[in-house]
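No value in this document is a laboratory result; all are computed from the given coordinates. Since the model is a prediction, treat every value here as computed from it, not as a measurement. Note that each Cβ is placed from the backbone with ideal geometry, even for glycine, and that neighbours are counted across all protein chains shown.
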Amino acid sequence: MLAQSDLALKMGDTKRALNMLKKISPEDRSFVQAKKKQAQIYLDELKDRNNYTRCYLEILDAKSSVENFKLVATALMDIQEPEEAIIYYERALQRQSEDTVLVREVGKALVMTHDYSRAIKYYETQILQDARLLDLRTDLAKLYKKLKAFDEARRVLNDALKYLKQMGDGLDVKIRNVKYLMLYADCQLEEDMMLPDWKFKENTVARQALIEARALQSQIIELCRESSSEKLDDERILAAEISYRLGKYDEERIGDANSAIEAYMDCLKKSTEHK
């Protein structure tokens, strides 16, 4: 039936394709796939958001599982309906409260509503309740940076870096450290750029953060190389980006052309694809 509906759609017979998909019952193994296809036809071909949503709600009606609550929420996010998505994410969380991915999705949905005060309160509360929610710390710091609340962003990042010190010296910890340090440097430099005379204004805190990030990234690359990690190419690209940012800093903030050229050359050495 799914293949026949695909053929009908290719032939431009949207109505026939939908009718075929509607005949697939909840007892059928292909029911969820059929409803997803049906929803997409309503959205793409008929621009019918209501029936698109109804298809996903029918999946939930057939089985009110955590996965299906998440499925409905994701579908609503895809059509820019974060307020409604939050309802279904929260219902999923009621059934699976330890799901950190779900916790993060609620935060993202709140940010999408542009109710930033509510989003910040949510992030701060969740982090206070569970310090292990490191991705939420990243999201909160980025939100504060977006709102130009640089002091708050730095507070979140400082707390995160302190927390990481308790977690040992493994690869994942180093990777998170680099991300936090780069974001910290971004906060420092972006705040400076709000001033009219930011060029050739030194910010030693930002430069030091980038230097520490570069040193850690070199360690990460060695660890990835030793373990033949699939992450190696991505980590090299990030190492190139750090060197590029250091070169840009030396060029724009201290006017040291030689140092900047050295950093840019290091960037290209690590990844010839860097633009």
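Structural remarks
- Among LEU232, LEU93, LEU183: highest mean-square fluctuation, GNM of the chain, C-alpha pairs under 10 Å: LEU232
- Dipole-positive endmost among VAL101, LEU147, ILE237 within the chain (Cβ charges, Cα centre): VAL101
- Rg/Rh ratio calculated on Cα atoms of the stretch 173-275 (Kirkwood radius): 1.00
- Sorted by Cβ neighbour density within 10 Å, fewest at the top, the residues SER243, SER259: SER259, SER243
- Bridging of LYS270 to lysines at a Cα separation below 23 Å is possible for LYS174, LYS179, LYS231, LYS248, once same-chain residues fewer than 8 apart are set aside.
- Stretching the chain fully between LYS248 and GLN40 yields a gain of 70.4 nm (0.36 nm per residue, less the alpha carbon separation).
- Theoretical ellipticity at 222 nm over the chain - DSSP helices of four or more residues, -39500 (n - 2.57) apiece, nearest 500: -24500 deg cm²/dmol
- The stretch 1-82: C-alpha gyration tensor shape, a/c 1.5 cut-off, then a/b vs b/c: oblate
- Between the stretch 43-100 and the stretch 241-275, the alpha-carbon center distance in angstrom: 45 Å
- As a rough footprinting exposure proxy, the listed residues LEU210, LEU128, LEU57 were ranked by other beta carbons within 10 Å of their own, and the order from fewest upward is LEU128, LEU57, LEU210.
- Ranking of ARG91, ARG225 by count of other Cβ atoms within 10 Å, fewest first: ARG225, ARG91
- Remark: the stretch 218-223, residue by residue, has Karplus-estimated 3J(HN,Hα) of 5, 5, 4, 4, 5, 5 Hz, where x stands for each Gly or Pro and the curve is 6.51 cos²θ - 1.76 cosθ + 1.60 at θ = phi - 60°.
- With kT/(6 pi eta Rh) evaluated at 37 °C and eta = 0.692 mPa s, and Rh the Kirkwood radius from Cα pairs, the stretch 89-193 diffuses with a coefficient of 229 µm²/s according to Stokes-Einstein.
- Global geometry of the chain, whether rounded, prolate or oblate, following the gyration tensor of its Cα atoms and the 1.5 cut on a/c: prolate
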